[in-house]
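Okay, structure first, notes after.
The values are calculated or read from the model by the stated rules, or taken from the named source; none is laboratory data. Since we're looking at a predicted model, the values are computed, not measured. Positions of Cβ are backbone-derived with ideal geometry, glycine not excepted, and every protein chain shown enters the neighbour counts. With ligands, DNA and RNA removed, areas are computed over all heavy atoms of the protein, side chains included. Shrake-Rupley method; radii C 1.70, N 1.55, O 1.52, S 1.80 Å.
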Amino acid sequence: MPAFLHSNVANLVTTGVRLVPLGQTDGQLAVAELEEAVLAASVQAKTASIDDLGSAAFMVDLASMAHETQYTRLFRS
């Protein structure tokens, strides 16, 4: 769980580094600052039940559908 959350945090920070004037060093500092939050969320997730998920999955599905029909993508290759 910590590795999964850390990879998500790193991906979001990398996106921020590319979109805003934020250097690589500041991005790494941001990831380091979020380490405690990642570990705390991991501990909380281990004790969570299915009832704690709420309706987040439905909203993720809606956001994914909207993303599929967007013309402009964030990173084009």
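Go through the residues of region 24-39 one by one and say whether even a single one is over 15 Å from the mean Cα position of the chain (by Cα), open to solvent by 60 Å² or more (accessible area, probe 1.4 Å) and among the aliphatic types (A, V, I, L, M). Yes, some residue in region 24-39 is over 15 Å from the mean Cα position of the chain (by Cα), open to solvent by 60 Å² or more (accessible area, probe 1.4 Å) and among the aliphatic types (A, V, I, L, M). Selection of region 3-21 for residues being part of a helix (DSSP H, G or I) and either in contact with a strand residue (DSSP E or B) (Cβ under 6 Å, 6 or more places away or on another chain) or open to solvent by 100 Å² or more (accessible area, probe 1.4 Å) (or both) yields 4, 12, 18, 19.
I need a count of the residues in region 40-52 that are part of a helix (DSSP H, G or I), surrounded by fewer than 10 Cβ atoms within 10 Å (Cβ to Cβ) and either polar (S, T, N, Q) or without any contact (Cβ under 8 Å) to a residue 12 or more places away in the chain (or both). Give the steps one after another, and end with the answer.
Residues of region 40-52 part of a helix (DSSP H, G or I): 40-47, 50-52.
Now restrict to residues that are surrounded by fewer than 10 Cβ atoms within 10 Å (Cβ to Cβ): 46-47, 50-51.
If we keep only those that are either polar (S, T, N, Q) or without any contact (Cβ under 8 Å) to a residue 12 or more places away in the chain (or both) too, we end up with 47, 50-51.
Residues meeting the conditions: 3.
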